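**Q** Can you keep this structure in mind? I'll have questions shortly.
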Amino acid sequence: MNSFLQAQMKGLEERISFRGITLSSLRTSLLPRPNLYSAIDPNAQPVLEHLNAQLHEFYNSTFMPRYFEVSEKENTAWTQLKAHWHLKNSIPQGSRVLELGCGAAHPCRHMADRQITYTGVDWSEYTIARNSKQWPNHTFLPSSLYNVALSDDSFDAVISLYVIEHLAWPHRLLDEMYRLVRPGGLIGILCPPFRIRSYIKSFDYGLSPRPFREKLKSGRLFDAALHLYQHRIAYPILLKRRYPRGPIQHRFLINIKPVCLQYPTWFPDADAVYLADTQEIVSYLAGKGVSLVQEWPKEGYVLMQKNASQHARVVAAHA
């Protein structure tokens, strides 16, 4: 058993052995304290390095087939998904498209009518092997999303769909997207609107690491009630008071203890670590000379265009 699964089993044993509710545990439940660090804080880098190593092991673990099963169910038709449909129709016919964190490579199917040349990058070897077999006419590359072995300015569109929230350094993904898209090309991002809604599914809500609806169905009513209280009241108040949006020290907030790394469980976004925020994504890319095309904060959707004139000025300055 690898170290990742050993750590999960230990966490489960500790949770199972818990019978009563002590004053200390009740205080922690009523006044939770999330383990949040800014990805751009120099002092947080050792902690984030450790988290990144844990995530890398997780994405190469036995949970990946389950990942694909859920992903396929939720991506049956892009015509039913407003942001996906907008992204598809914004990318010109015949474009060179790069997807960072490609997962099951859904654009290969959903954008086939646009005759794109597709390249998918993912750090899961299982993912790359599976996609290469299913989509032999497209290119797949196993790689860190922070340092991809591809040339600058080489794609007409660089997209990332529900990936940035799973990264210890979301701003470094944005750096790569900017580097790899050509001047005048598009950057498209989809992510859950965690920050605007003051929650993230990977918080350790309630008394057990299960989704809220599962707790209700199984009759764990106190667990479900505590989960609901933390989700709707405790965490939103804490985030707004201790981590208000805006200050640089509160940007790119990372939850270093997602439930997927504490217990042998997984459900959608149990592995999310970044409190994704389209506002700070747009602000960060705008600082690089990228223009906003479309932003739907409640949908977690951003479409931007790399500024050709800005790029020209940068090249001239380094000439």
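The values are calculated or read from the model by the stated rules, or taken from the named source; none is laboratory data. Owing to the predicted nature of the structure, the values given are computational and were not obtained by experimental measurement. Backbone-built Cβ (ideal geometry, glycine too); neighbour counts: all protein chains shown.
**Q** Residues in the stretch 183-195: is at least one free of Cβ contacts under 8 Å to residues at least 24 places away in the same chain, buried (at least 19 other Cβ atoms within 10 Å of the Cβ) and either closer than 28 Å to residue 146 by Cβ or more than 22 Å from the chain's Cα centre (by Cα) (or both)?
**A** no
**Q** Taking only pairs six or more apart or across chains, which ones have beta-carbon atoms under 9 Å, a first residue in the stretch 270-292 that is of a type in the set (Lys, Arg), and a second residue that is surrounded by 17 or more Cβ atoms within 10 Å (Cβ to Cβ) and in a strand (DSSP E or B)?
**A** 288/306
**Q** Next question, about the same structure. Across the stretch 112-134, what is the number of residues that are of a type in the set (A, V, I, L, M, F, W, C) and modelled with pLDDT of 95 or more?
**A** Number of matching residues: 2.
Table: residues versus (1) modelled with pLDDT of 60 or more; (2) in a loop (DSSP other than H, G, I, E, B); (3) over 20 Å from residue 252 (Cβ atoms); (4) out of contact with any Lys or Arg (no Cβ under 7 Å at 6 or more places or on another chain).
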{"position": "19", "(1), (2), (3), (4)": "no, yes, yes, yes"}
{"position": "37", "(1), (2), (3), (4)": "yes, no, no, yes"}
{"position": "44", "(1), (2), (3), (4)": "yes, no, no, yes"}
{"position": "56", "(1), (2), (3), (4)": "yes, no, no, yes"}
{"position": "66", "(1), (2), (3), (4)": "yes, no, yes, yes"}
{"position": "73", "(1), (2), (3), (4)": "yes, no, yes, yes"}
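**Q** Something else now. What tally of residues in the stretch 125-153 results from selecting those that are within 24 Å of residue 78 (Cα to Cα) and touching a residue at least 60 places away in the same chain (Cβ under 8 Å)?
**A** 2
**Q** Shifting gears a bit: Say we look at the stretch 200-231 and pick out the residues that are touching a His at 6+ places or on another chain (Cβ under 6 Å) and in contact (Cβ under 8 Å) with a residue 24 or more places away in the chain; which of these is surrounded by the fewest Cβ atoms within 10 Å (Cβ to Cβ)?
**A** By that ranking, first place goes to 206.
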